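Visitor: Would you mind keeping the following structure in view while I ask a few things?
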Amino acid sequence: MAADLKSRYKVKADLIPSGGGVFEVCVESDLIFSKKALGRFPEHSEIFEEIDALNA
């Protein structure tokens with residue numbers, strides 16, 4: 001995911017270690033995906049759509 005974000009948006013993605021199966025994607029302070037809330041990992045296209053919507 002980090003490599004795809006860097007390639008598509010030319011940004012640095014940071015992995016922040018956590019516990020309990022948490023996987024969240026934030027853009028600045030906006031939470032755009034939470035594995036804990038949905039119970040699954042995101043498809044890359046879902047993340048791209050959310051980022052594109054923020055940038056529209």
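Readers should treat all values here as calculations from the given coordinates under stated rules, not as data from a laboratory. Bear in mind the structure is a predicted one, so any value in this text is a computation, not a measurement. All Cβ positions, even for glycine, are placed from backbone atoms using ideal geometry, and neighbour counts span all protein chains on display.
Visitor: Compute the length gained on full extension between Ala37 and Asp14: take 0.36 nm times their separation in residues and subtract their Cα-Cα distance, giving the result in nm to one decimal.
Guide: Values: separation 23, 0.36 × 23 = 8.28 nm, distance 2.04 nm.
Residue separation times 0.36 nm, minus the Cα-Cα distance, leaves 6.2 nm.
Visitor: Follow-up question, since we're still on this one. Could you point to the residue in Asn55, Gly20, Ser45 farthest towards the positive end of the chain's charge dipole, with +1 and -1 charges on the Cβ of Lys/Arg and Asp/Glu respectively?
Guide: Gly20
Visitor: Pairing the Cα long axis of helix 44-55 with the longest principal axis of the chain, what angle in degrees results, from 0 to 90 and rounded to the nearest 10?
Guide: Approximately 60 degrees, to the nearest ten.
Visitor: In debye, nearest 20, what is the charge dipole magnitude of the chain about its Cα centre with +1 on Lys and Arg Cβ and -1 on Asp and Glu Cβ, if you could check? Don't jump to the answer; show the numbers that get you there.
Guide: Details: 7 positive and 10 negative charges, 49 e Å.
Value, rounded to 20: 240 debye.
Visitor: Mind listing the phi-derived Karplus ³J(HN,Hα) values for the range 19-36, rounded to whole Hz, using 6.51, -1.76 and 1.60 with θ = phi - 60°, and x for any glycine or proline?
Guide: Whole-Hz 3J(HN,Hα) from phi for the range 19-36: x, x, x, 7, 9, 10, 10, 10, 10, 6, 9, 8, 6, 10, 7, 9, 5, 4.
Visitor: With the crude spin-label approximation of a point 7 Å out along Cα→Cβ, what separation in nm comes out for Ser7 versus Asn55?
Guide: Result: 1.5 nm between the two label points.
Visitor: If you keep only loop residues by DSSP, which GluC sites (Glu not before Pro) in the chain have at most 16 other Cβ atoms within 10 Å of their Cβ? Present the calculation step by step, with values, prior to reporting the outcome.
Guide: Numbers: sites: Glu24, Glu28, Glu43, Glu46, Glu49, Glu50; in loops: Glu28, Glu43.
Sites meeting the loop and neighbour criteria: Glu28, Glu43.
Visitor: Would you kindly work out the equivalent ellipsoid of the chain from its C-alpha gyration tensor and give its semi-axes, the square roots of five times the eigenvalues, largest first in whole Å?
Guide: Values: eigenvalues 68, 34, 22 Å².
Equivalent ellipsoid of the chain: 18, 13, 11 Å, largest first.
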